[in-house]
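As structure tokens, the structure follows; a few thoughts come after it.
The values are calculated or read from the model by the stated rules, or taken from the named source; none is laboratory data. Only a predicted model underlies this, so the values are computations on that prediction, with no experimental measurement involved. Methodologically, a virtual Cβ is constructed for each residue, glycine included, from the backbone with ideal geometry; neighbour enumeration extends over all protein chains shown. Ligands, DNA and RNA are stripped out before the accessible areas are found, and what is left, the full protein with its side chains, is counted by its heavy atoms. Shrake-Rupley method; radii C 1.70, N 1.55, O 1.52, S 1.80 Å.
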Amino acid sequence: MDHEVVIIGAGLAGLSCARTLAAAGIDVVVVEKSDGVGGRVRTDSVDGYRLDRGFQILLTAYPELDRWFDLDALDFRRFRAGANVWTGSRFARVGDPLRRPSDLVSTLLAPIGSFADKLRILQLVASVRRGKARSLLSRPEMTTMKRLERGGFSPIMIDRFFRPLFAGIQLDPDLEVSSRRFEMIMRMLAVGDTGVPAFGMGTLSDTLATPLPNGSVQLNRAVLGIDSGRVSFADGGSTTARVVVVATDGPTASALTSVSDPGSRSVAALWFAADESPLAGPVLALDGAASGPVKNFAVMTEVSPAYAPIGRHLAVAAVPGAPARSSELETESRSQLRSWFGPVVDRWDLLRIDRIEHAQPNQEPPFSPKKPVRIDANLFVCGDHRDTASIQGALYSGRRTAEAVLAQFANAT
Ligand SMILES: Cc1cc2nc3c(=O)[nH]c(=O)nc-3n(C[C@H](O)[C@H](O)[C@H](O)COP(=O)(O)OP(=O)(O)OC[C@H]3O[C@@H](n4cnc5c(N)ncnc54)[C@H](O)[C@@H]3O)c2cc1C
């Protein structure tokens, strides 16, 4: 036996699994097919800009964060609560007046729904804040759309606010994802902040990997198959372990093991460099007018100036779904953003388009988290597809799988 545990995949789930096992004194190796750690959470340096792999944000209310990160050490930078909603002719500021009283008047006047809709938001927030967070995941379930309709929200409120917001967070423009996930995200937004580490989302992955023993992460090692504790690599080699943990994305896990493919939610991100910022402050802009393919837009340098060289700005536009060809995507997105910000958009340089086919597992009803992680005595599986489709879900899934492996080892002795 070469190792006690081999983990396949160095995303957040694989890394939190490895950290938990290593802390318990287990000989663990992580094998990763790509050239770096982090999986879907990585940041690339491109001409002095920091480009995350797709537009991602961290929600500080995720319960698992305290266990792994010190937000001050990450130099965590926050978005302003709420959003600037494009209503067809102008942006309307929709904030959280409880946190930022100066947003009260603009929020009440914003043409995103009736006064009753805005009161219903308060009711919704009160409802999702009730009880323990995990109790939300066992509430009666329906699609997000049904939940909003049952909550009495008007079509205009749904289309102008919830649809673009959840197109960004859950890559769910059609509001098909489980109401359990929707309610959980609403709670996280209500009780915490959103933001990014100053030097990019990839800092999370690097921070998680750094304390692992030297040599315990092997990069550029794609796994082809697993057979009773033997892992075979694309380079022709193999290794053996008492337990193998598959910490890949859901579709790959279903190819390597007997778990079912969760399905995929895809997204594209367009990264633009600009001389001047088109938004004032660290705000999230939402398309509340169905004005084009871009549903969410932000200027990352308004949140953290380290995302671009001094004197430059970095903006990101997120397009959920399976978008058209890159040239059409750029043309349509620029045309939409020109209607928001004017002809200055034509002077922005397109740095990169990220297309992420499997950005999140699909979590439509019926959705129950905490899916089994033990397949048999030698084979376990973890990742966001076993828990919730999020950074929280990946971190938690890795840890809970490691704890299941440790329990099995303890029972065997
Ligand atoms: C664009 C985008 C936006 C998102 N927005 C947010 C957000 O705002 N907030 C939030 O909480 N979550 C967000 N998410 C979701 C979150 O990033 C993921 O849920 C989480 O990172 C999943 O981690 P994971 O470890 O389960 O899987 P992954 O990150 O996919 O890690 C799996 C790893 O396995 C490796 N691997 C795959 N196949 C093999 C093989 N055959 N051999 C060896 N290694 C292999 C992969 O290279 C990868 O490193 C977003 C995701 C994307 C892509």
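Of the accessible area of region 95-192, with the probe set at 1.4 angstrom, what percent is carbon plus sulfur?
61
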Quote the FRET efficiency, to the nearest 0.05, computed for Ala73 versus Lys370 with a Förster distance R0 of 35 Å and r equal to the Cβ-Cβ distance.
0.70
Ignoring everything except DSSP H segments at least 4 long, calculate the 222 nm mean residue ellipticity for the chain; use -39,500 (n - 2.57) per segment, divide by total residues, nearest 500.
-8500 deg cm²/dmol
If you count only protein heavy atoms with a 1.4 Å probe, what accessible area per residue comes out for the chain, rounded to a whole Å²?
41
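If r is the Cβ-Cβ distance from Glu332 to Glu276 and R0 is 25 Å, what FRET efficiency results, to the nearest 0.05?
It comes to 0.65.
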Just to confirm the number: angle between the C-alpha axis of helix 391-412 and the first principal axis of the chain, 0 to 90 degrees, nearest 10?
20
Candidates per trypsin sites (Lys or Arg not before Pro) in region 178-287, loop by DSSP, up to 11 other Cβ within 10 Å:
none
Hey, what angle do you get for helix 115-129 against the long axis of the chain, alpha-carbon based, 0 to 90 degrees rounded to 10?
20
Hey, which of these cross-link pairs are over 24 Å Cα-Cα: Lys146/Lys295; Lys118/Lys295; Lys33/Lys295?
Lys33/Lys295
So for R0 = 25 Å, FRET eff. of Lys132-Leu98 from the Cβ-Cβ r, to 0.05, ends up at 0.70
Tell me the label-point distance for the pair Ser260, Thr413, using the 7 Å Cα-to-Cβ offset, in nm and rounded to one decimal.
3.8
Place a point 7 Å from the Cα of Asp2 in the direction of its beta carbon; the residues of region 210-237 whose amide N falls under 15 Å from it are 215-237
Go through region 359-409 and name the trypsin sites (Lys or Arg not before Pro) that are in a DSSP coil and have 11 or fewer other Cβ atoms within 10 Å of their Cβ.
none
